[in-house]
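Chemist: Structure provided below as structure tokens; questions to follow.
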Amino acid sequence: MKVLWLFAHPEPASLNAALRDEGLRALRELGHEYVQSDLYEMKWDPIVREIASFDPDVVAEQEKISWADTLVVQFPLWWYGMPAILKGWFDRVFVKGFGYGLKDENGRVLRYGEGMLAGKRAMIVTTAGGRASSLGPRGVNGNLEQLLFPLQHGTFWYTGMAALPPFVVYSADRTDAAEFTAAASGLRERLARLETTEPIPYRAQNGGDYDSDLVLLPHLAAGRTDLDVHQR
Ligand SMILES: Cc1cc2nc3c(=O)[nH]c(=O)nc-3n(C[C@H](O)[C@H](O)[C@H](O)COP(=O)(O)O)c2cc1C
């Protein structure tokens with residue numbers, strides 16, 4: 001496979017950097033090709049100064065995405081989401097005319113399952129300070145699956161990419177050697193199944209589940225309003 005590994009952590013001695021090193025080593029051993037965008041190391045400029053400007057640094061990232069069949073997006077969970085430098089990568093790189101904006105012959109907008117990046121796969125690798133229970137369905141930190149919805153559904157799936165279930169390390173501020181070994185082997189195991197892992201079964205916008213106002217049909221997930229209604 002051809003993997004673009006997007007990495008957003010400022011410290012080379014961090015847990016995230018150690019996991020990234022393990023992940024890239026695993027990809028090499030599995031015989032996959034990869035390129036990496038280490039955003040802090042690249043001094044990536046996250047600030048949008050002009051909307052959808054195809055600056056050379058943006059085009060270089062778009063070329064990496066076009067080359068790749070799989071994106072791995074790795075970051076520590078900061079304030080319920082991704083670090084600003086990574087948000088700014090999406091804001092500048094996934095612009096109309098590259099990430100989205102495709103229409104079919106009837107003028108129908110292609111997004112959520114169809115679009116410019118359809119056929120690619122994307123997986124989040126993240127670490128969180130909170131313990132697993134506190135990021136579970138009724139945990140005080142919010143359900144991590146739902147916290148990741150903006151990136152997995154609103155970005156990956158919106159542009160057509162299949163979102164693989166995320167790889168998460170919980171309690172990441174208290175990782176001892178044994179826990180790191182377990183996390184590293186969990187990541188290696190997930191990378192070994194990159195090609196075969198079933199994606200999150202999000203509904204396609206144009207697959208018959210939504211009405212013309214883009215509202216889920218009433219008989220599907222009847223009575224529910226949570227974000228999981230957008231999964232089949
Ligand atoms: C600015 C900042 C915000 C954070 N926000 C969260 C959060 O919302 N939820 C959470 O579980 N942990 C949060 N944390 C903890 C980090 O996720 C944790 O320190 C990190 O995953 C550990 O990995 P590292 O050693 O590679 O940085 C935050 C940490 C920082 C520095």
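Chemist: Once amide H atoms are built 1.01 Å from N in the peptide plane, which residues 5 or more positions from Ser37, or in another chain, come under 5 Å H to H?
Modeler: Close amide H contacts, sequence-distant or interchain: Trp5, Leu6, Phe7.
Chemist: Using just the helices of the chain, give the 222 nm mean residue ellipticity in deg cm²/dmol: DSSP H runs with n ≥ 4 each add -39,500 (n - 2.57), and the total is spread over all residues, rounded to 500.
Modeler: The helix-only estimate for the chain comes to -7500 deg cm²/dmol at 222 nm.
Chemist: Let me ask another. If I build a Gaussian network model for the chain, linking alpha-carbon pairs within less than 10 angstrom, which residue out of Gly107, Gly23, Gly129 has the largest mean-square fluctuation?
Modeler: Gly107
Chemist: Among 85-93, 29-37, 63-71, how do they line up by average Cβ neighbours within 10 Å per residue, starting with the highest?
Modeler: Highest to lowest by the protection proxy: 85-93, 63-71, 29-37.
Chemist: Okay, moving on. Any chance you could run the full-extension gain for Ala118 through Glu105? It's 0.36 nm times the residue separation minus the Cα-Cα distance, nm to one decimal.
Modeler: Here the segment from Ala118 to Glu105 would lengthen by 3.0 nm.
Chemist: Just report the Cα centroid separation between region 77-133 and region 1-26, whole Å.
Modeler: Here the two parts' Cα centres lie 19 Å apart.
Chemist: Shifting gears a bit: Arrange the peptides 43-50, 118-125, 202-209, 151-158 so that the one whose residues have, on average, the most other Cβ atoms within 10 Å appears first.
Modeler: Listed from highest to lowest mean packing, they are 151-158, 118-125, 202-209, 43-50.
Chemist: Based on the mean of other beta carbon atoms within 10 Å per residue, what is the order of 134-143, 183-192, most packed first?
Modeler: The most tightly packed comes first, giving 183-192, 134-143.
Chemist: Return the carbon/sulfur percentage of the accessible area of the chain, one whole number, probe 1.4 Å, all protein chains in place.
Modeler: On the chain, the fraction of accessible area on carbon and sulfur atoms equals 53 percent.
Chemist: Still on this structure, I have one more. How much of Thr196 can a 1.4 Å solvent probe reach, expressed as accessible area in Å² and rounded to 10?
Modeler: 100 Å²
Chemist: Given Lys96/Lys120; Lys2/Lys103; Lys87/Lys120, which pairs have Cα atoms separated by over 23 Å?
Modeler: Flagged as over cut-off: Lys2/Lys103.
Chemist: In square angstrom, what is the accessible area per residue of the chain with a 1.4 angstrom probe?
Modeler: For the chain, the per-residue accessible area is 50 Å².
Chemist: PRE reach from Ser66 (point 7 Å along Cα→Cβ): which of region 19-56 fall under 17 Å by backbone N?
Modeler: Flagged as within label range: 35, 53-56.
Chemist: Pull out the extension gain between Val229 and Thr181, defined as 0.36 nm times the separation in residues minus the alpha carbon to alpha carbon distance; nm, one decimal.
Modeler: Roughly 13.7 nm would be gained on extension.
The values are calculated or read from the model by the stated rules, or taken from the named source; none is laboratory data. Predicted model only: the values in this text are computed from it and were never measured. Here the Cβ is made from the backbone with ideal geometry for all residues, glycine too, and neighbour counts use every protein chain on show. Remember, those area values only see protein heavy atoms, side chains included, never the ligands or the DNA or RNA. Shrake-Rupley method; radii C 1.70, N 1.55, O 1.52, S 1.80 Å.
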